[in-house]
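Worksheet for the structure shown next.
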Amino acid sequence: MNIRTRALLVASLATMTLLGWPPALAQNAAAEENSTAVAASARQDDDDDDETAAPVAPVHLDGTKKCLDCHGDLAAVGRVHGPVKAGLCTACHEQLGLLNHDFRPIQNIASSCAACHKAYIGAVTHEPVKEGDCMSCHAPHHSENPFLLLEPNQTSLCGRCHEDQLGTGKDFIHGPVAAGVCTLCHEPHAANQPGLLISSKQQLCLECHVDFRAGLNAADLIHEPVGEDCSLCHDPHASDHQFQLREGGKALCLECHLDMGQRLDDAVVSHSAVTTGAECLNCHLAHHAPFPKLLGESPMGKCLECHQQSTLRPDGSEIMAIGQKLDDSDFLHGPIRDGNCTACHEPHGTAEFALLRHSYPQSFYAPYASDTYSLCTQCHEVGAFESEETETLTEFRDGSRNLHFLHVNKDPKGRTCRACHDTHSSNMPRHMVDGVRFGKWTFPLVFEQTPSGGSCFSGCHEQRFYNR
């Protein structure tokens with residue numbers, strides 16, 4: 001190489017370096033750009049030595065032709081890879097000899113790409129990147145698509161491998177999936193989160209669901225899965241269920257609440273709130289709530305959302321308007337007064353009528369047995385019904401004669417609690433009813449309380465007095 005050619009090569013290399021080309025690429029570029037000068041210089045030197053020497057026959061890349069003179073289609077349309085656009089093919093392809101149209105097959109595509117492109121480092125690497133197969137996603141020469149991608153959108157590109165995540169045939173598709181913006185959630189090359197996620201699952205979801213983030217920050221109680229991983233309940237891509245839930249209705253809840261599933265399977269009487277409409281979500285909030293058990297209202301307030309007015313059972317029979325009755329009553333049963341309906345009622349399902357937690361006779365008459373009244377004896381002394389004489393177990397006595405025992409402890413016609421007491425509320429002390437249902441007749445009951453006892457008369461007997 002003569003001085004003129006060497007100077008031209010050095011100048012080209014310096015110019016490209018100043019323009020910010022990577023050193024390796026600048027050297028290849030300068031060499032290719034000056035290949036013509038090298039060949040021409042060689043011919044000139046030969047001519048100086050022998051004026052009669054025949055000229056060297058021109059061949060590809062001998063200084064008379066560039067790669068794109070023949071392979072122009074690789075740079076003709078769309079977005080063109082930088083080295084191709086600059087005609088610097090040897091930045092990627094290694095030529096075997098300056099005057100030969102022979103090129104060594106690229107041994108390591110990833111290494112070739114890494115000469116210019118930064119390395120992608122993370123705890124999780126996308127499989128094509130890990131295998132060094134950049135061209136499974138990118139075209140090496142030109143493309144009509146951004147980043148030289150092989151497909152016009154992320155849906156079709158990612159769907160080449162991940163077709164099962166595109167939501168095809170599903171009723172509900174997550175917005176980014178439907179819009180084909182996979183990289184809104186996933187890094188395409190490498191990440192520090194499982195699934196190539198940009199950030200942790202909960203953090204990632206909250207970057208879009210900002211209103212939900214505000215609710216969580218202000219919440220008193222948070223559903224455990226919400227604090228861990230939204231995808232425990234929601235499919236992040238698509239589902240056949242609204243809100244991309246992994247399962248519909250209570251089936252999703254029962255995946256974790258196994259004991260509740262068994263309870264519902266064993267229930268003779270099920271709360272219709274659990275079996276109709278939104279099922280579990282009729283009473284519970286799914287993410288966070290101001291009250292225990294993820295209730296959006298106080299426990300009794302939640303019950304009265306339905307039971308303020310009369311409602312119908314699945315068989316068509318009527319459930320009284322409990323809320324109205326409580327509003328119109330002067331005396332409330334202790335659990336009602338405490339706002340605790342579930343002291344007596346199981347809110348999901350049970351073996352007892354009216355969703356009662358324990359046994360309680362439905363009829364006016366019933367032979368006495370202690371387990372027949374197990375609901376009442378959760379709070380009241382069982383001896384009040386089994387001791388014929390007492391001075392401590394009950395205030396309903398004449399001297400030491402136990403009048404509860406007298407009424408209840410009979411066989412077969414023991415008078416059940418409902419014969420005299422209302423289980424929710426009343427306008428008389430001791431929750432005494434003012435009328436007793438006896439078949440089609442509701443007969444009156446008049447009870448008067450005194451400091452030492454009281455009196456009662458009804459359709460059962462004339463007025464009678466008792467004194468402790």
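The values are calculated or read from the model by the stated rules, or taken from the named source; none is laboratory data. Fair warning: this is a prediction, and the values are worked out from it, not measured in the lab. No Cβ is skipped: glycine too gets one built from the backbone with ideal geometry, and neighbour counts run over all protein chains shown.
Annotations for the structure displayed:
- Met300 surrounded by fewer than 13 Cβ atoms within 10 Å (Cβ to Cβ), aliphatic (A, V, I, L, M) and either out of contact with any Ser or Thr (no Cβ under 8 Å at 6 or more places or on another chain) or more than 24 Å from Cys253 (Cβ to Cβ) (or both): no
- Subset tally (residues that are within 21 Å of Phe147 (Cβ to Cβ) and without any contact (Cβ under 8 Å) to a residue 40 or more places away in the chain) for segment 61-92: 3
- Some residue of segment 393-400 being at pLDDT below 95, of a type in the set (Gly, Ala, Ser), in a loop (DSSP other than H, G, I, E, B) and more than 21 Å from Leu326 (Cβ to Cβ): no
- Any hit, segment 259-270, residues being under 25 Å from Val124 (Cα atoms) and either surrounded by fewer than 18 Cβ atoms within 10 Å (Cβ to Cβ) or in contact with a Leu (Cβ under 7 Å, 6 or more places away or on another chain) (or both): no
- Count of segment 232-264 residues, restricted to those that are on the phi > 0 side of the Ramachandran plot and touching a helix residue (DSSP H, G or I) at 6+ places or on another chain (Cβ under 8 Å), is 1.
- Qualifying residue in segment 342-353 (condition: of a type in the set (S, T, N, Q), assigned to a helix (DSSP H, G or I) and farther than 21 Å from Cys420 by Cα): yes
- Restricting attention to segment 231-250, the residues being surrounded by 14 or more Cβ atoms within 10 Å (Cβ to Cβ) and part of a helix (DSSP H, G or I) number 4.
- Residue within segment 119-128 that is closer than 30 Å to Thr90 by Cβ and polar (S, T, N, Q) present: yes
- Sole residue being among the small types (Gly, Ala, Ser) and more than 28 Å from Ser426 (Cα to Cα), chosen from Ala289, Ala273, Ala351: Ala289
- Complete set of residues in segment 370-423 that are touching a Pro at 6+ places or on another chain (Cβ under 9 Å) and touching a residue at least 24 places away in the same chain (Cβ under 8 Å): Tyr373, Cys379, Lys410, Asp411, Pro412, Lys413, Gly414, Thr416, Cys417, Arg418
- Gly277 meets all of the listed conditions (1) in a loop (DSSP other than H, G, I, E, B); (2) touching an Asp or Glu at 6+ places or on another chain (Cβ under 9 Å); (3) without any contact (Cβ under 8 Å) to a residue 12 or more places away in the chain; (4) not hydroxyl-bearing (Ser, Thr, Tyr) but one, namely (2).
- Members of segment 125-165 found to be in a loop (DSSP other than H, G, I, E, B) and more than 22 Å from Gly82 (Cα to Cα), listed by number: His126, Glu131, Gly159, Arg160, Cys161, His162
- Filter result for Gly323 (assigned to a helix (DSSP H, G or I) and either over 25 Å from Gln449 (Cβ atoms) or in the same structural domain as Arg437 (by TED's automatic domain parsing) (or both)): yes
- Candidate set from segment 173-229 (those that are among the β-branched types (Val, Ile, Thr) and surrounded by 13 or more Cβ atoms within 10 Å (Cβ to Cβ)); member that is nearest to Ser136 (Cα to Cα): Thr183
- Scanning segment 403-420 for residues that are at pLDDT below 95, surrounded by fewer than 18 Cβ atoms within 10 Å (Cβ to Cβ) and outside any loop (DSSP other than H, G, I, E, B) yields a single hit, Arg418.
- Residue check, Gln309 without any contact (Cβ under 8 Å) to a residue 60 or more places away in the chain and either surrounded by fewer than 18 Cβ atoms within 10 Å (Cβ to Cβ) or within 30 Å of Leu196 (Cβ to Cβ) (or both): yes
- Some residue of segment 182-201 being of a type outside the set (A, V, I, L, M, F, W, C), in the same structural domain as Asp240 (by TED's automatic domain parsing), under 20 Å from Met135 (Cβ atoms) and assigned to a helix (DSSP H, G or I): yes
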